[in-house]
Amino acid sequence: MYCIKCGKELKEGNKFCIFCGAEIIPEREEYDVKQPVSDNDSIRMISEPGYPDISDQSGAGGLGLILKVLIVLLVLVLIAGGGFIIYSMLSENGKSLSTQAKSDISEKLETENETAKNAEEKPQTEDIEKDISEKAEKKEGYEEPVNNYSDSTGNEDDIDKEDDSSNDADKEVNSNDEFGLDADTEADYRSALDMDDYGYYSSSRIPKFSFYYPYHLYNKVLKDTSITDSVFGENEEEISFYADDDSSLIFTAVSRTDDASLEEASKYVYEEEKSHIRDVSDISKLKVKDGKGFFIITGWDKENPDNMIYEMARIEKDYIYFMKTLFPDYTGNNEEKNLKSYYTECLYRSCGFSNSTKSPRSYDEYLDEVEN
């Protein structure tokens, strides 16, 4: 047998090499050693007869160790490859999401810019304060908006200008030219007896807001198309005629901002308007039918005790329409009474939001009915 360390031939039975002192391992019949040997950082396989099998001395070494290393490397490669694939997919998705987000932001900015541009071109009605949501229960269930009501009486000095007096000139426009009035006209109701001497107005924005008016009775007309708060909603249009005897004729269209029923709104308007008139009487008592409320009242104006008032109102789902005429006291003058009564009848029958189905008649026809 031979020493596995120095290769010297030894006698049978020796346990240690007499030449190098290494432990003697008995020879085997067959050798099949596949042990990795390090030589200059390279690995070679030993499978020659005469070399002892030393795999038992290296634990899980040999081929098993190499397989384990290869398996670990393979697992690491698979993990790294899978991670790279997932990262690539996420990156692509991220890019897509980023592109979509940028597109959404761009569209949003364009929409906001367009909205801002349109807002600059339209009247800024959104700035008008609306206290309608804080209504208080009043008059059989109708909810009253914040009361900033001011009844225009026909005298310019009586128009309430406390809230925004500096801007009244911008709101009310002298429209004598548009309506064909002469500033030198003197009030004479005989000039209002012929309907051929009447002009016609019809709003381009508000349905039913149309009426006839005399050319030769009033010397000034103010047109207000600004949107302002009122006790009934928002005044959208008001046309006010004034004469040199302090009489006036006022047409008003109010858009409703309340949520009351037609019956509740009609009753509220009726009671509210009556509260501004002394010795009020009904020419046509309030009726609510066919999708509208309607009434005509008369009496003495409480703010101007020497003026008599004739008022007609129509209440609908979206709008409330008013026609008011004010005259100086004509008590005791029968002729003047007939002239003014006939005049108000002409206004009523020719008004676009009245309930009349009759055309204006002549003054003579009116007198025949009154005197007989």
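Scanning the stretch 301-313 for residues that are outside any strand (DSSP E or B) and either under 16 Å from residue 250 (Cα atoms) or under 40 Å from the mean Cα position of the chain (by Cα) (or both) yields 303, 304.
Could you list all residues from the stretch 202-212 that are in contact (Cβ under 8 Å) with a residue 40 or more places away in the chain and not small (Gly, Ala, Ser)?
Selection gives 206, 207, 208, 209, 211, 212.
Going by what's in this entry, would residue 153 be described as hydroxyl-bearing (Ser, Thr, Tyr), closer than 29 Å to residue 306 by Cα and either modelled with pLDDT of 50 or more or surrounded by 16 or more Cβ atoms within 10 Å (Cβ to Cβ) (or both)? Yes. Mind checking which residues of the stretch 327-359 are under 19 Å from residue 201 (Cβ atoms) and either out of contact with any Phe, Trp or Tyr (no Cβ under 8 Å at 6 or more places or on another chain) or among the β-branched types (Val, Ile, Thr) (or both)? 344, 348, 349, 359, listed by residue number.
Meeting the requirement of 3 or more residues that are under 25 Å from residue 356 (Cβ atoms) and without any contact (Cβ under 8 Å) to a residue 24 or more places away in the chain, the strands (runs of 3 or more DSSP E) wholly within the stretch 213-300 are 277-289.
One residue stands out among those in the stretch 277-291 that are under 36 Å from the mean Cα position of the chain (by Cα) and surrounded by fewer than 18 Cβ atoms within 10 Å (Cβ to Cβ): the one that is nearest to residue 203 (Cα to Cα), which is 291. For the stretch 192-211, residues that are hydroxyl-bearing (Ser, Thr, Tyr), in contact with a strand residue (DSSP E or B) (Cβ under 8 Å, 6 or more places away or on another chain) and surrounded by fewer than 17 Cβ atoms within 10 Å (Cβ to Cβ) total 3.
For the structure I just gave you, tell me whether residue 251 is aromatic (Phe, Trp, Tyr), under 33 Å from the mean Cα position of the chain (by Cα) and either under 22 Å from residue 217 (Cβ atoms) or surrounded by fewer than 21 Cβ atoms within 10 Å (Cβ to Cβ) (or both). Against the criterion (aromatic (Phe, Trp, Tyr), under 33 Å from the mean Cα position of the chain (by Cα) and either under 22 Å from residue 217 (Cβ atoms) or surrounded by fewer than 21 Cβ atoms within 10 Å (Cβ to Cβ) (or both)), residue 251 qualifies. Only residues that are under 22 Å from residue 259 (Cβ atoms) and touching a strand residue (DSSP E or B) at 6+ places or on another chain (Cβ under 9 Å) were counted across the stretch 269-294, and they come to 10. Figure legend. Inter-residue proximity from the stretch 177-189: first residues at pLDDT below 95 and surrounded by 13 or more Cβ atoms within 10 Å (Cβ to Cβ), second residues part of a helix (DSSP H, G or I) and charged (D, E, K, R), beta-carbon distance below 8 Å, spacing 6+ or different chains. Indicated pairs: 189/336; 189/340.
The values are calculated or read from the model by the stated rules, or taken from the named source; none is laboratory data. All of these numbers come straight from a predicted model, not from anything done at the bench. Virtual Cβ from ideal backbone geometry, glycine too; neighbours counted across all protein chains shown.
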